[in-house]
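Everything below concerns the one structure shown next.
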Amino acid sequence: MKQREEFVCAGVRRVIAAAIAPCFIAASALAQSPAAPANPAPFGDASLRVIVLDTLEQQSVSGLWFDQNAMQFRDAQGRPQRLERRRVLAVAPPAPTGPRADRHLDALAAIEAEGLLVTTSGERLPGALHTEPASDDEQLAWQSTLWGVMELDLERIRSVRLRDIAPGVELAEPAERSAADDRITLINADRLSGFVESIGEQVVIESEGRISSVPSERVAKIELANPAEAAAGAWVWLYSGAVAAVESVQLSGDEAQARLIAAAGRRPAIELPASDIRAINFDVARLRPLAVMPFAVIDAPGSRRWVPPPRVHSGNAPLDAADIELPGPMTVEWDLPPAAERFAAMAELPADSRIWGDLTLVLDLSRGGETTRLGAFELNQSTPRHDLNLLLPAGRGETTRLLMRIEPGPSGPIQDRVVLRRALVLVRK
């Protein structure tokens, strides 16, 4: 096993290997990918999709084709259109609205019975431990349902779910653990904390100076205390539940086949039906979902005994842009990237709140302590939703915060709820 030193700094473990190879699935920019065929095949069938432009405007399209240079599609009126590919930031399914919108479309059911590996950059790869061990103890051999057999450095892994805990066993609330500790959850719900040395047929963990080996069939989940890494390049979301960084997305043949190339060309390209692709973000560093950004409730009305906190709906949302629910009058503050330049979302009064719901949604931007009003939008039974697309004024200072405030209307605070759907932030290059 390679020698490595363990450091704990500000509660975060950094592991330095004597020779760490680049992460297998580190992404490179989409612009560097090989040229696509001159005549791309249709992207999926005639189902509606949404393209997100570099202004965060979203357009409903059908019959979408694309290559590295251009996108061709039919617009909402059925007219053929063509756009430069560089103007398109993402492709996604339409955001649901109305009564169906609260039944969130996700792909989690498809991977309930499978294992799941999550990388430190946030990729999600369904699969299972490979039957053959990795070539190095510092790596894990994973049988990915998307890429096949792959070996990943342990330092690039956030968690590995191998199976559910045993039926009838209740998982107790976990004891608080140090940010420097790895943790293993067994199928009987017992937990071990310490430093995971290797993952294979046996999971080896060092805890309080003692080395223990646990057969992998007794392990439900492994969580590694590795620091998060910034995501970059192009990513795809599949209906299988996989979310992966790619070097490029190409189309080949005449049967609507999508061709994915893993980062740096380290694996053969794979082909799959284009309709299996749920969403594409061509530059995850530039187009970011609000749902993954830190937030805090900074004000709630004192007249109400208790206001539930905002809820980010779980699930494998396309582009990771999960719905965000503000369940009552409050002010919420999000920390945005310093270079954020535009914000877009659909703000909706949910269908079950439209009898009494009557509110004003106020948005402000704070940069370096200077606050600018972005807009105020009334939501009620006659106007249950607004499509927001707001330019964020430039300013000085390292801190950039988005503030949202729900102000009750004439009917009072009853049913004054807002759901933000597909909330996206555009970051300046």
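The values are calculated or read from the model by the stated rules, or taken from the named source; none is laboratory data. As the structure is a prediction and not an experimental result, all values here were calculated from the model. Positions of Cβ are generated from backbone atoms using ideal geometry, with glycine treated the same way; all protein chains shown enter the neighbour counts. For the accessible areas, the whole protein counts, side chains as well, though only heavy atoms, and no ligand, DNA or RNA atoms are used. Shrake-Rupley method; radii C 1.70, N 1.55, O 1.52, S 1.80 Å.
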*Considering the range 340-361 alone, what residues qualify as being touching a strand residue (DSSP E or B) at 6+ places or on another chain (Cβ under 6 Å) and open to solvent by 20 Å² or more (accessible area, probe 1.4 Å)?*
GLU341, ARG342, MET346, ASP358, THR360
*In this structure, does ARG405 turn out to be assigned to a strand (DSSP E or B) and open to solvent by 50 Å² or more (accessible area, probe 1.4 Å)?*
yes
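Per-residue answers, yes or no, for (1) surrounded by 17 or more Cβ atoms within 10 Å (Cβ to Cβ); (2) without any contact (Cβ under 8 Å) to a residue 12 or more places away in the chain:
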{"site": "PRO133", "(1), (2)": "yes, no"}
{"site": "GLU138", "(1), (2)": "yes, no"}
{"site": "GLY148", "(1), (2)": "no, no"}
{"site": "PRO167", "(1), (2)": "no, yes"}
{"site": "PHE195", "(1), (2)": "yes, no"}
{"site": "ILE199", "(1), (2)": "yes, no"}
{"site": "ILE205", "(1), (2)": "yes, no"}
*If we scan the range 312-327, do we find a residue that is open to solvent by less than 50 Å² (accessible area, probe 1.4 Å), of a type outside the set (Val, Ile, Thr), over 18 Å from the mean Cα position of the chain (by Cα) and under 22 Å from SER121 (Cα atoms)?*
no
*Give the residues of the range 218-250 that are crowded, with 21+ Cβ neighbours inside 10 Å, of a type in the set (D, E, K, R) and assigned to a strand (DSSP E or B), sorted by residue number.*
GLU223
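Let's see how each residue does on (1) of a type in the set (Gly, Ala, Ser); (2) surrounded by 12 or more Cβ atoms within 10 Å (Cβ to Cβ); (3) within 22 Å of the chain's Cα centre (by Cα):
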| residue | (1), (2), (3) |
| --- | --- |
| LEU363 | no, yes, no |
| THR383 | no, no, no |
| ALA394 | yes, no, no |
| PRO410 | no, no, no |
| ASP416 | no, yes, no |
| VAL419 | no, yes, yes |
| LEU426 | no, yes, yes |
*Looking at this structure, is SER303 at pLDDT below 95, of a type in the set (Ser, Thr, Tyr) and part of a loop (DSSP other than H, G, I, E, B)?*
yes
_Take the residues in the range 36-67 that are open to solvent by less than 50 Å² (accessible area, probe 1.4 Å) and acidic (Asp, Glu); name whichever of them is modelled with the highest pLDDT._
ASP54
*asked:* Residue under question is VAL292, and the condition is that it be over 23 Å from SER60 (Cβ atoms), β-branched (Val, Ile, Thr) and in contact (Cβ under 8 Å) with a residue 12 or more places away in the chain; does it hold?
replied: yes
